[in-house]
Amino acid sequence: MARRSTLILMLGFLAPGTASGAPALEWYATYDGGGAYHDVVRAIAVDPAGNPIAAGDSHDGVLGADMVVRKYDRATGAAQWTIRQSAFDTSSIEVCGTGWDSWGRLFAGGTLLGCGSG
């Protein structure tokens, strides 16, 4: 039996603390890249409007792991867009980080694992 795992994002969208000082969870989102496979967030960025963007790798049961970048609405947690980049052949892409350039474009970088013949 395959192990089922989903990408669960609890991105720190918490209501201000109450009198006791404990914050409350505003929302969370899940992502299942397909089948019963492992998906993981490796980096989170926040755009100028405060919307979180999660980057990670996702297994869908077809060869290796793919890179996934997904933007969420900061108020509701609803997905605004998703980009999935497949790896080559049986290789896997492992995301290492995200960053912004001086023009406000988001970059996600990583490592291609398992490429080549040895």
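Scan Ala15, Ala43, Ala75, Ala29 and give me the residue that is modelled with pLDDT under 70 and among the small types (Gly, Ala, Ser).
Numbers: Ala43 fails: modelled with pLDDT under 70; Ala75 fails: modelled with pLDDT under 70; Ala29 fails: modelled with pLDDT under 70.
When all the criteria are applied, what remains is Ala15.
Out of region 72-117, which residues are open to solvent by 40 Å² or more (accessible area, probe 1.4 Å), in contact with a Pro (Cβ under 8 Å, 6 or more places away or on another chain) and within 24 Å of Trp27 (Cβ to Cβ)?
Correct list: Arg74 only.
Look through Gly56, Gly61, Gly50 and report the one residue that is open to solvent by 30 Å² or more (accessible area, probe 1.4 Å) and either of a type outside the set (Val, Ile, Thr) or farther than 20 Å from Leu112 by Cα (or both).
Details: Gly56 fails: open to solvent by 30 Å² or more (accessible area, probe 1.4 Å); Gly50 fails: open to solvent by 30 Å² or more (accessible area, probe 1.4 Å).
Result: Gly61 is the single residue among Gly56, Gly61, Gly50 that is open to solvent by 30 Å² or more (accessible area, probe 1.4 Å) and either of a type outside the set (Val, Ile, Thr) or farther than 20 Å from Leu112 by Cα (or both).
Let's see how each residue does on (1) touching a helix residue (DSSP H, G or I) at 6+ places or on another chain (Cβ under 6 Å); (2) under 13 Å from Gly34 (Cβ atoms); (3) part of a loop (DSSP other than H, G, I, E, B); (4) free of Cβ contacts under 8 Å to residues at least 60 places away in the same chain:
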| site | (1), (2), (3), (4) |
| --- | --- |
| Ile53 | no, no, no, yes |
| Asp60 | no, yes, yes, yes |
| Met67 | no, no, no, yes |
| Arg70 | no, no, no, yes |
| Ala75 | no, no, yes, yes |
| Ile83 | no, no, no, yes |
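The values are calculated or read from the model by the stated rules, or taken from the named source; none is laboratory data. Model, not experiment: these values are computed from the prediction. When we count neighbours, we look across all protein chains shown, and the Cβ atoms used for this are built from the backbone with ideal geometry, even at glycine. For the accessible areas, the whole protein counts, side chains as well, though only heavy atoms, and no ligand, DNA or RNA atoms are used. Shrake-Rupley method; radii C 1.70, N 1.55, O 1.52, S 1.80 Å.
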